[in-house]
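Trainee: Mind looking over this structure? Questions follow.
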Amino acid sequence: MARFIACVIERVVREIMLDTFSCKVKLSLMKDPVEEALRQVREMQTRMLQKQRFKGYSGRARAMGGCFCLLMALWLGATGQTFSPLQVLYAWAAVFLLAASLNFGALIYWFLGDPEVGRDWRRLRPLGAVLPGLAAGAILTLALARHGEYGLLYGVWMLIFGVANFASRAVLPRGIQWAGAFYMAAGAVFLLTPVAAFTAPLAPALVFFAGEWLSGFILHFDERSNNTLLAFFGLPNRNHE
């Protein structure tokens, strides 16, 4: 009787061990296809995000716009003359038009020359996130200047730039939101504290110089996966030759 009970127990134990081993084998066989499917889904998501990414903005053009701001402020200071707020506003308007021409020129070059774009007008839809903010900035500038509130202009412009960067973060690199945050913080400081008079443009010019260079670097390294700092300055990517 004892031997019979021992045999039954041994058989039950074996069956349990076999069932456990079989389950482990089945789980291991199921694990690889599941991981492969998840990997393929992640790759598809990455490709979709890359296709949605807007490549029309030039990092170097943004940086050049910042240089125009700084050069203008340095030139006004170097003349030794006293300029009226309206004259300084005209100087800023000239800088904006020059920087806008350079950036939109780079955009047109990308649109017409990139074979992946295929001159498809739908690829320009991300501009709709930026142009309304710029238009609002132009209207606010005219309204404030008309009422003689020149001291508010620098802060308003910085906030507009910040909002424009945040509005584009869905189609631009994630880092562009840091440029937006920088402009928003600087705009708040210029609006809430007497940082500089409107006729002393060096301090705000430094803000725009830093913000545009930061944006430029972010866009530049997103244009191509192998872009380097040397390529930003027009030099060959030696590390990738």
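Trainee: All other residues with a Cβ under 15 Å from the Cβ of Gly66 taken together, and with Lys, Arg as +1 and Asp, Glu as -1, what is their net charge?
Mentor: On the way: positive: Arg60, Arg62; negative: Glu212.
The answer is +1.
Trainee: In addition: Would you please give the FRET efficiency between Ser84 and Ile108, computed as 1/(1 + (r/R0)^6) with r the Cβ-Cβ distance and R0 = 30 Å, to the nearest 0.05?
Mentor: Approximately 0.25, to the nearest 0.05.
Trainee: Could you work out the Kirkwood radius for segment 55-240, taking every pair of different alpha carbons, averaging 1/r and inverting it, reported in Å?
Mentor: 17.4
Trainee: I would also like to ask the following. Can you tell me how much longer the chain between Val117 and Ala170 gets when fully stretched, taken as 0.36 nm per residue apart minus their C-alpha distance, in nm with one decimal?
Mentor: 17.2 nm
Trainee: Take the alpha carbon gyration tensor of segment 127-176, find the square roots of its eigenvalues, order them as a ≥ b ≥ c, and report rounded if a/c is under 1.5; if not, report prolate when a/b exceeds b/c, else oblate.
Mentor: Oblate, because a/c is 1.5 or more while a/b does not exceed b/c.
No lab work stands behind these numbers, since they all come straight from the coordinates. Fair warning: this is a prediction, and the values are worked out from it, not measured in the lab. Backbone-built Cβ (ideal geometry, glycine too); neighbour counts: all protein chains shown.
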